[in-house]
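*Asks:* Have a look at this one before I ask anything.
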C-alpha cells in the first residue's frame, strides 16, 4: 500500500516538525517572556507581525519567503556572496518557513501562560535570593508548564499540517523536501485513494492524539483564547 | 540602626521618606491605606527602585545614590499580604527554595523557622491542602528560613478573617520575643501596632509624619493616634505573683503594681499591657469603697480638648505615661491643671503578650 516515498515523506515531516518545534521553543520562550513583561508602547506592532501567519494565506507567506531566500533575494544573495548556497528548495528552507509560519502558535500560548503568572511569584523568588535568570527557570518555567505543552504540541501539529508555505519554498522534491501533506495531495491527483486514505487517516489520528495531550494537561485551554486573558 | 532616605514617584503619588529606626525590635509602619506603606516596604526590599537615596540596614548599604543593590542580593525576609506560596512546590519545596539559595542560611535556621511557626507536620502537603492561616505561617517561615538580616511584613493578617488572625497572632508575638533581627511591620490596624510595635513610623501621603518609641508616640498629643476612640497607652510589666484563691496575678511596672485575671504565666515573664484612654477615670481622693483594683497616684501632664464634650488628659505615673479620656465637665469639677495630683482608676487592661 504505502511506498518508500511515503515513508520518506513521513520521516521528513516528523524531522521538520521536530526541528521547527525545538527552534520555535528556543526563540519563542524569550520572545514570549519579553512580550509578557514589557511596557513598551510599540509592542502591539510586534505582536501583530508575529500573528500575521494566522490570517495570511500560506501561499502569500511562501511566495515572499521564496523571493527573500532565493538566489536573487536579499537573504539568498547574501548567503551566496559568502560562498554558501541559497536555502530555497532545501530542508533548511523548509525549517525557516515553518518557524515563521508556526511562530504565533508557540508565542501566544507561552505569552498567555507567562502573563497569567503575574509579578508576585517572581518578586517572592527575588526576596528569596533568586537571580533574574534563576527565578525565570525555577519559577516562571514550571508555573507556565501547561503553556509549554500547548506551545510544543500546537507548533508541532501546525508544522505537520502545513501545505502552502512548504510547497512554495520547498518545491516538493521527493526525498528532500516532500512532506506528508503534499504527498497526500499527489496521491489524490494520481487517483491513488488507498494510499491517500492511509496517510490522511494517520495524520488525523496523530492530530487528535496531540490535541488530547493538550487538553489533558491544560483543562482550561481554548484554541480561540485571546492573548490577553 | 536602619537609615532610610528614599524618594519614589509612581504617577501622581510620591513617596518621600527620611527616617531612622533601631536595628532591633519591631518597627511598625503605620498609616491609612494609600499612604505609601507598602511602597516603602517594597523599596526596602528593592522591589521598587528609588532613583536616588540612601538605605543602610545594620552594616550593609543597599542604596547609596545611584548604586542600587537588587532585591536578590539583599538579606531580607519578605512576607507579602497574601501568602504567595509557589504552587508548583509543596510546603517543603517552598521553605527550601530560599534556604538553599541564601548563603548565610544554615540547616538550623530552617529548623528554627519550623519550630517558631509550628509547621513541621505540614511539610509534605501541597499548597492547596493548607488553610489560610497555615499558608501565611508557611510564608513567614519561608522568609525566616533564609536567615535574613531584616524581616519585612506587609499586613500579613489583613487577608485573614478574625479567627485566622487569632491563630497567627501568637506566632507573631513569639517572633517579637525571640527574633534578634529587626522586623518592619506594615499595618493600618492600631490594635496590631500597639500589640507588636516597639517603634513606630507614622506615614501620611507618602511622608513620614513622626517616628520614635511607640509608647511615647501613642501619647504624644500632636499626633492623630493619641486622639479618638482608639487612643491607648502601653505599659511594659512583668509577672511577680499569682493569687490562687481569686485566680489573679500581679504585674509590676515602674509606676506600681497591676492586679489582673490570672493567665498562668510563669513568674518574671514580661508582658505588655494596653490601657484604653476611655477605661481610665480620675478622682481627687483615693477611693477605697470601689470595685476597681487598679488605682495609681498620678500627676496631670497636659490636657487637650477632645471634641465638644471631652478632654484627653495625659498623666504621669512616675515615669510611665497614660492617657485618660473624660468629659470636659468632670475636668472642670476636678479643677484639673497640669501638675495637679490625682488618682487614676483603671477599669480594664488588655494583656498583649
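Quick note: the coordinates plus some simple rules give every number you see, no bench work behind them. Since we're looking at a predicted model, the values are computed, not measured. Here the Cβ is made from the backbone with ideal geometry for all residues, glycine too, and neighbour counts use every protein chain on show.
*Asks:* Sticking with the crude label model, points 7 Å out along Cα→Cβ, report the distance from residue A:34 to residue B:129 in nm, one decimal please.
*Replies:* In this crude spin-label approximation the distance works out to 4.2 nm.
*Asks:* Tell me the relative contact order for chain B as a rounded percent, counting alpha carbon contacts under 8 Å between residues six or more apart.
*Replies:* Reported as a whole number, the value is 16 percent.
*Asks:* Report the Rg/Rh value for segment A:34-135, based on alpha-carbon coordinates and the Kirkwood definition of Rh.
*Replies:* Result for segment A:34-135 is an Rg/Rh of 1.15.
*Asks:* Over the residues of segment B:119-273, compute the C-alpha Rg and express it relative to 2.2 N^0.38 Å.
*Replies:* Segment B:119-273 yields a ratio of 1.21.
*Asks:* At a Förster radius of 51 Å, what calculated FRET efficiency corresponds to the Cβ-Cβ distance of residue A:216 and residue B:236, to the nearest 0.05?
*Replies:* 0.25
*Asks:* How big is D for the protein assembly as shown, in µm² s⁻¹ as a whole number, if Stokes-Einstein is applied with the Kirkwood radius of its Cα pairs at 10 °C and 1.306 mPa s?
*Replies:* Working: Rh = 29.2 Å.
Rounded to a whole number, D works out at 54 µm²/s.
*Asks:* Regarding segment B:252-300, what is the average projected area of its C-alpha convex hull, in nm²?
*Replies:* Numbers: hull surface 18.3 nm².
Spelled out: convex hull of the Cα atoms, projected over all directions, averaged, 4.6 nm².
*Asks:* Between residue B:319 and residue B:118, 0.36 nm times their residue separation minus their Cα-Cα distance comes to what? Intermediate results must be reported in sequence, preceding the final value.
*Replies:* Working: separation 201, 0.36 × 201 = 72.36 nm, distance 3.85 nm.
Stretched out fully, the residue B:319 to residue B:118 stretch lengthens by 68.5 nm.
*Asks:* Over the protein assembly as shown, what is the percentage of antiparallel beta bridges among all DSSP beta bridges, to the nearest 5?
*Replies:* About 80 percent, rounded to the nearest 5.
*Asks:* Here's something else I'd like to know. Please report the projected area of chain A's Cα convex hull averaged over all directions, in nm².
*Replies:* With every direction weighted equally, the projected area is 14.8 nm².
*Asks:* Related question: Return the average number of partner chain Cβ atoms within 10 angstrom of each residue Cβ along peptide B:282-290.
*Replies:* For peptide B:282-290, the averaged partner shielding equals 0.
*Asks:* Could you tell me which of rounded, prolate or oblate describes segment B:89-132, using a ≥ b ≥ c as the square roots of the eigenvalues of the alpha-carbon gyration tensor, with rounded for a/c under 1.5 and, failing that, prolate when a/b is larger than b/c and oblate otherwise?
*Replies:* Working: a/c = 2.83, a/b = 1.52, b/c = 1.86.
Judged from the Cα gyration tensor, segment B:89-132 comes out oblate (a/c at least 1.5, b/c at or above a/b).
*Asks:* In what sequence, highest mean first, do B:277-283, A:158-164 appear when ranked by Cβ atoms within 10 angstrom?
*Replies:* A:158-164, B:277-283
*Asks:* Using a basic spin-label model with each label point 7 Å from the Cα along Cα→Cβ, how many nm lie between residue A:190 and residue A:85?
*Replies:* 2.5 nm
*Asks:* Next question, about the same structure. Give the average, rounded to an integer, of partner chain Cβ atoms located within 10 angstrom of each Cβ in B:90-98. The partial results should precede the final answer.
*Replies:* Details: counts 0, 0, 0, 0, 2, 1, 1, 8, 6.
Across the residues of B:90-98, the mean count of other-chain Cβ atoms within 10 Å is 2.
*Asks:* Continuing with this model, one more query. Given a Förster distance of 51 Å, report the FRET efficiency between residue A:46 and residue B:166 from their Cβ-Cβ distance, rounded to the nearest 0.05. All intermediate terms of the calculation are to be shown ahead of the outcome.
*Replies:* Numbers: r = 52 Å, r/R0 = 1.01.
My answer for the efficiency is 0.50.
*Asks:* At 222 nm, what helix-only mean residue ellipticity would the protein assembly as shown give, in deg cm²/dmol to the nearest 500, using -39500 (n - 2.57) for each DSSP H run of four or more? Walk me through the intermediate numbers first.
*Replies:* On the way: 19 runs with 244 residues, N = 582.
The helix-only estimate for the protein assembly as shown comes to -13000 deg cm²/dmol at 222 nm.
*Asks:* For a Förster distance of 60 Å, can you work out the FRET efficiency between the beta-carbons of residue A:173 and residue B:5, rounded to the nearest 0.05?
*Replies:* 0.30
*Asks:* Could you run the Debye sum over the Cα atoms of segment B:211-335, one equal point scatterer each and no solvent, and tell me log10 of I(q)/I(0) at q = 0.11, 0.15, 0.23 Å⁻¹, two decimals?
*Replies:* After summing over all Cα pairs, the log10 values are -0.42, -0.75, -1.38.
*Asks:* Expressed in nm to one decimal, what extension gain is obtained for the pair residue B:173 and residue B:329 from 0.36 nm per residue of sequence separation less their Cα-Cα distance?
*Replies:* Contour length minus Cα-Cα distance gives 52.1 nm.
*Asks:* Where in segment B:35-55 is the amide nitrogen less than 15 Å from a point lying 7 Å along the Cα-to-Cβ axis of residue B:20?
*Replies:* B:54-55
*Asks:* How much length is gained on full extension from residue B:108 to residue B:59, taking 0.36 nm per residue of separation minus their Cα-Cα distance?
*Replies:* The residue B:108-residue B:59 span can extend by a further 15.3 nm.
*Asks:* Distance in nm between label sites at residue A:4 and residue A:137, each 7 Å beyond Cα in the beta-carbon direction?
*Replies:* Distance between label points: 4.5 nm.
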